[in-house]
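These notes are about the structure you will find just below.
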Amino acid sequence: MTRRPVGRSPRRGPLPPRSRRTLLFLPGDDPHKAERAATSGADSVVLDLEDGVAADRKDEARRAVVRSLARLDFGISERIVRINPASSGLLSKDLRATLGAPPDAYLIPKVESARDVRETARLTARAPVPLLALIESARGVVHLNEIAASHHRLQALLFGAEDLAGDLGAVRTPRGEEVAWARGAVVTVAAAFGLQAIDTIHPDLSDEEGLRRESLRAARMGYAGKMAIHPKQLPIIAAAFTPGEEEIARARALVEAYEREGRSGKGVFVLEGRMVDRPMVRAAERVLARARAAGRI
């Protein structure tokens, strides 16, 4: 099956065309989970070489990831490899082992500076696939601007609340007040630099209602998707980040009305009793872009 093309990330332009509503993580050293993930329907499957793999299993994980990339049909799912950070001393081994495959993208964990992204970009120059940066420390949040501007191959910022809370010395709560400022900072900076923002995991697999609330809240904030740790989380997350028929119809009507009024020289007009201006139209255009990326229109 032909995979969707991966676009290049512009600066201060439209979001990348690939839909990343759901990113399913699995340990790279478990081929059985890789087989199930390949048919899960996730927008992106993340084969993990970092936290999901024990220190004495790293070599086996690299070999298993390469086998999965070479042998499994992931359909339209994007195949991402989460590498180890440069500070671990394992980055070069991860890239040497997987560059020949190659994956559709690399996820860089524990990103704290532009250097982290640029070093990975340099080492992957012969397979210039997109890069995603996981922000999961106080230093990473503080340096968001420079990270977002670090390289043209960077396409998304991912928000890692669990590690961030540990770094802050905070206690995780169901509503996430302790990481609310950082969650807002990640999505704001991502939008400013034309990047996708991907929300943190929901670690409680039994709490489907909590996952639904958290996913809807992230979608309302402007996040493009959310990380998942089990296939059963995928439908709930995908539904939250996929515009419904009514939302698509309203957005289409608003954009079409704006185009009509614009031809008559009006920048502001009234539609169904509400004033419409350019910021509202931009929001509607983003809804339609999300719908196209998800294959809804």
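How far apart, in nm, are the 7 Å Cα→Cβ label points at His152 and Asp204?
4.6 nm
Residue by residue, what Karplus-based ³J(HN,Hα) values in Hz, rounded to whole numbers, does the stretch 107-123 have, using 6.51, -1.76 and 1.60 with θ = phi - 60° and x for Gly and Pro?
Values per residue, Gly and Pro as x: 9, 9, x, 6, 6, 10, 7, 4, 4, 4, 6, 5, 5, 5, 4, 5, 6 Hz.
I'd like the projected area of the stretch 129-280, averaged over all directions, using the convex hull of its alpha carbons. Report it in nm² with one decimal.
Computed as one quarter of the Cα hull surface, the answer is 11.6 nm².
I'd like the Karplus ³J(HN,Hα) series for the stretch 203-209: coefficients 6.51, -1.76, 1.60, θ = phi - 60°, whole numbers in Hz, and an x wherever there's a Gly or Pro.
x, 8, 5, 7, 9, 5, 5
How much area per residue is accessible in the chain when the probe is 1.4 Å and only protein heavy atoms are counted (Å²)?
47 Å²
For every helix of n ≥ 4 consecutive DSSP H residues, a contribution of -39,500 (n - 2.57) applies; sum these over the chain, divide by its total residues, and give [θ] at 222 nm rounded to the nearest 500 deg cm²/dmol.
So the helix-based figure for the chain works out to -13000 deg cm²/dmol.
At a Förster radius of 51 Å, what calculated FRET efficiency corresponds to the Cβ-Cβ distance of Val171 and Glu261, to the nearest 0.05?
Once the sixth-power term is evaluated, E becomes 0.50.
Take the alpha carbon gyration tensor of the stretch 54-118, find the square roots of its eigenvalues, order them as a ≥ b ≥ c, and report rounded if a/c is under 1.5; if not, report prolate when a/b exceeds b/c, else oblate.
Taking the square roots of the gyration eigenvalues as a ≥ b ≥ c, the stretch 54-118 is oblate.
Given H placed 1.01 Å from N in the peptide plane, which residues other than close sequence neighbours of Leu154 have an amide H under 5 Å from its amide H?
Leu131
Given R₀ = 25 Å, FRET efficiency for Ala70-Arg36 by Cβ-Cβ distance, to 0.05?
Once the sixth-power term is evaluated, E becomes 0.90.
Output ³J(HN,Hα) for the stretch 59-65: one whole-Hz value per residue in order, computed from phi by the Karplus curve 6.51 cos²θ - 1.76 cosθ + 1.60 with θ = phi - 60°, and x for Gly and Pro.
These are the phi-based 3J(HN,Hα) values: 5, 5, 5, 4, 5, 5, 5 Hz.
Hand me the GluC sites (Glu not before Pro) from the stretch 245-297 located in a DSSP loop with no more than 13 other Cβ atoms within 10 Å, in residue order please.
Loop-located and lightly packed - Glu272.
The values are calculated or read from the model by the stated rules, or taken from the named source; none is laboratory data. The model shown is predicted, which means the values in this text are computed figures rather than measured ones. Neighbour counts run over all protein chains shown; Cβ positions are idealised from the backbone, glycine included. What goes into the accessible areas is simple: the full protein's heavy atoms, side chains included, and nothing from ligands, DNA or RNA. Shrake-Rupley method; radii C 1.70, N 1.55, O 1.52, S 1.80 Å.
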